[in-house]
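One structure is given below, encoded as structure tokens.
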Amino acid sequence: MKQDLDALMQQYNVDVLWVTGPSAGNPAMAYFTGQGFLTAAELITRRGQPPVLLHRPMERDEAARRGGSVYDVINEEIAGVPVGAGGVVYLPLLQGERAPFVKPEARGVFFGLGDWHTRAHLLRAVYEGVAFSTRHNFESMLKGEKLADTFLSGGGTKSAVWCQILADCLGTRMKVPFGADSGSRGAAINAGVAVGAFQDHAEGVRQMIRIKSEYAPDGEKTEKYSQLYALYTRLIQAAWPVWEQSARIGVEHWH
């Protein structure tokens, strides 16, 4: 066991590990320092202060080792976690919400956390939470209608994992055009229609848009996401009065 813990300390660049369970020599908890197990009180006595567990972000370390992007590492971690992030649901409302509902008091929430969840579970929950929010907006706009295709643009389209999650969650094919200047291209199409270069916007799209990649929804995963989406919307309803109470108390502004 000591060899395993030594390896963990080296892997995560820490000098103290918090170990739970009776295997630590204490039914509550103990700290492993490399020489042996100490209780929190013993560790504080020896060091003169509580333990500070520091480590560098693992994804950045791995990206540096590969000489690649940290986002590629993150996407690989997320791809290894099943649909539903092991029961963790994320509400991505970090600055309130303005669509499909207006709620300035809304705040982000991680629901369903257990001590067995990992960073990868939370990362996937974030990706899925954004997909649920997108579906929430889609359903508000479409009012029961369905879209066969959806065009994606922006930095998120660089993640094939995220694009597939969106396709599965919304149950519609995702198409990613070439280029990263969708706003400018849209303005050019508008100008082309205005001066008669294109007969209409549909022709402008046909002439100026080329598809780089497509993501078809997986029906089985879409069904699972529909169940999770029901949880997502129910969580918003449940958190609504709590958000309001927190705002009335003014917790965010306490000093």
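Structure notes:
- For region 120-143, the count of residues that are out of contact with any helix residue (DSSP H, G or I) (no Cβ under 6 Å at 6 or more places or on another chain), loosely packed, with under 15 Cβ neighbours inside 10 Å and on the phi > 0 side of the Ramachandran plot is at least one.
- Residues that are touching a helix residue (DSSP H, G or I) at 6+ places or on another chain (Cβ under 9 Å) and either β-branched (Val, Ile, Thr) or modelled with pLDDT under 95 (or both), drawn from region 236-252: 236, 252
Conditions (1) closer than 30 Å to residue 110 by Cβ; (2) among the acidic types (Asp, Glu); (3) at pLDDT 95 or above, marked per residue:
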| position | (1), (2), (3) |
| --- | --- |
| 148 | no, no, no |
| 156 | yes, no, no |
| 160 | yes, no, yes |
| 170 | yes, no, yes |
| 174 | yes, no, yes |
| 186 | no, no, no |
| 190 | no, no, yes |
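- Of all residues in region 209-233, those being in a helix (DSSP H, G or I) and either touching a helix residue (DSSP H, G or I) at 6+ places or on another chain (Cβ under 6 Å) or of a type in the set (Val, Ile, Thr) (or both) number 6.
- Here residue 68 passes the criteria (1) over 17 Å from residue 234 (Cβ atoms); (2) crowded, with 18+ Cβ neighbours inside 10 Å except the one numbered (2).
The values are calculated or read from the model by the stated rules, or taken from the named source; none is laboratory data. Everything numeric in this text was worked out from a predicted model, so none of it was measured. Please note: Cβ atoms are built from the backbone with ideal geometry, for glycine as well, and neighbour counts cover all protein chains shown.
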